[in-house]
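The values are calculated or read from the model by the stated rules, or taken from the named source; none is laboratory data. Bear in mind that the values here come from a model prediction, so they are computed numbers and not experimental data. Neighbour counts run over all protein chains shown; Cβ positions are idealised from the backbone, glycine included. Remember, those area values only see protein heavy atoms, side chains included, never the ligands or the DNA or RNA. Shrake-Rupley method; radii C 1.70, N 1.55, O 1.52, S 1.80 Å.
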Amino acid sequence: MKVLWCWQCKTYMPMLDEEEWARVHPVTGYTRREGSSTEPYAQMLEHYKEITGFHETNINAVFHHRISLYGPPCAACGKALRTPESTKCFECGQTR
Ligand SMILES: [Zn+2]
Ligand SMILES: [Zn+2]
């Protein structure tokens with residue numbers, strides 16, 4: 001877990017590395033039944049809280065709080081770039 005700037009939330013948020021993400025969001029292991037689609041999400045939020053200590057209630061936030069989705073920290077302001085391919089920091093305008 002690493003706290004990174006999230007441009008979508010406009011704040012610093014705890015982000016998951018790939019190993020943690022696999023625990024929160026296992027690709028296998030869910031047997032999705034009709035009418036129980038919210039159940040895995042509740043579990044994901046639970047695991048996210050166990051790992052980060054942050055009580056997140058918005059499942060969409062958990063989905064994008066994944067370190068691998070973000071780029072390296074900006075050389076000027078230190079905020080994570082939006083994607084690994086980003087060449088420009090949207091927060092301060094610095095190009096790398
Ligand atoms: Zn976010
Ligand atoms: Zn910057």
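Rounded to the nearest 10 square angstrom, S68 shows an accessible area of 60 square angstrom against a 1.4 Å probe. With springs only between Cα atoms under 10 Å apart, run a GNM on the chain and tell me which of A80, A61, A22 wobbles the most. In this elastic network of the chain, the residue with the biggest mean-square fluctuation among A80, A61, A22 is A22. Distance between the 7 Å Cα→Cβ label points at Q43 and F63: 1.8 nm. Can you give me the angle between helix 39-52 and the longest principal axis of the chain, using Cα atoms only, in degrees from 0 to 90, rounded to the nearest 10? On a 0 to 90 degree scale, this one is about 50.
Over the residues of the chain, the helix contribution to mean residue ellipticity at 222 nm works out to -8000 deg cm²/dmol, using -39500 (n - 2.57) for each DSSP H run of at least 4. Per residue, the convex hull spanned by the Cα atoms of the chain measures out at 99 cubic angstrom.
Remark: the stretch 59-71, residue by residue, has Karplus-estimated 3J(HN,Hα) of 4, 4, 5, 4, 4, 9, 8, 10, 3, 5, 7, 9, x Hz, where x stands for each Gly or Pro and the curve is 6.51 cos²θ - 1.76 cosθ + 1.60 at θ = phi - 60°.
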